[in-house]
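The structure appears below as structure tokens.
The values are calculated or read from the model by the stated rules, or taken from the named source; none is laboratory data. Since the structure is predicted, the reported quantities are computational estimates derived from the model, not experimental observations. Here Cβ is always computed from backbone atoms with ideal geometry, including for glycine, and neighbour counts include all displayed protein chains.
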Amino acid sequence: MENQGRGSGPRPEGGGNVPEGLGPPGPLPYEGVWRFTAVAVDASVPQARRAVRDLLARQGVPVSDDTVYALLLIVSELVTNAVRHAALLSPMLAVEVAVGPEWVRVSVEDEHPYRPSALEADHGRTGGRGLLLVREISREAGGVCDVEHTASGGKVIWAALPLKPTRIG
């Protein structure tokens with residue numbers, strides 16, 4: 001899996017020449033966007049999962065074990081879907097992790113133009129419910145997910161989960 005990370009975090013506008021204590025505070029140490037590319041093969045699923053887990057730990061992202069588990073399951077499902085359904089038209093895929101002060105977003109991008117939709121549970125089928133699972137995991141964690149077209153005609157499927165527990169009521 002090739003790491004095309006965009007650094008340890010976003011850079012301040014204007015080259016960062018603002019004296020300390022003036023202007024808005026800088027990004028937190030764990031904030032940033034990282035992108036990994038991989039060949040659309042089965043071996044990329046555990047590689048992507050490991051890369052995301054290691055990145056979260058290395059950056060010191062304040063994420064609960066439950067959220068890490070949810071993110072890794074989402075990454076597994078999305079990469080598996082790209083490998084199974086998009087590899088013919090998209091031999092490469094990209095996994096992106098974006099971390100903000102209160103959320104983490106994982107996405108998988110491929111060049112296949114088909115935009116999948118979440119299938120309803122059909123107990124007679126053994127597969128085809130990955131996106132439904134991603135949607136439910138995201139919802140239960142207080143997050144959101146979506147599928148979008150890319151400028152190149154492919155798609156990106158993403159899920160964003162909060163870093164802090166959501167309050168109910």
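At-a-glance table
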| read-out | value |
| --- | --- |
| Residue that is farthest from Gly32 (Cα to Cα), among those in the range 87-109 that are among the charged types (D, E, K, R) and modelled with pLDDT of 95 or more | Glu109 |
| Residue that is modelled with the highest pLDDT, among those in the range 127-154 that are basic (Lys, Arg) and closer than 26 Å to Met92 by Cβ | Arg135 |
| Qualifying residue in the range 7-30 (condition: surrounded by fewer than 18 Cβ atoms within 10 Å (Cβ to Cβ), modelled with pLDDT of 90 or more and of a type outside the set (Ser, Thr, Tyr)) | no |
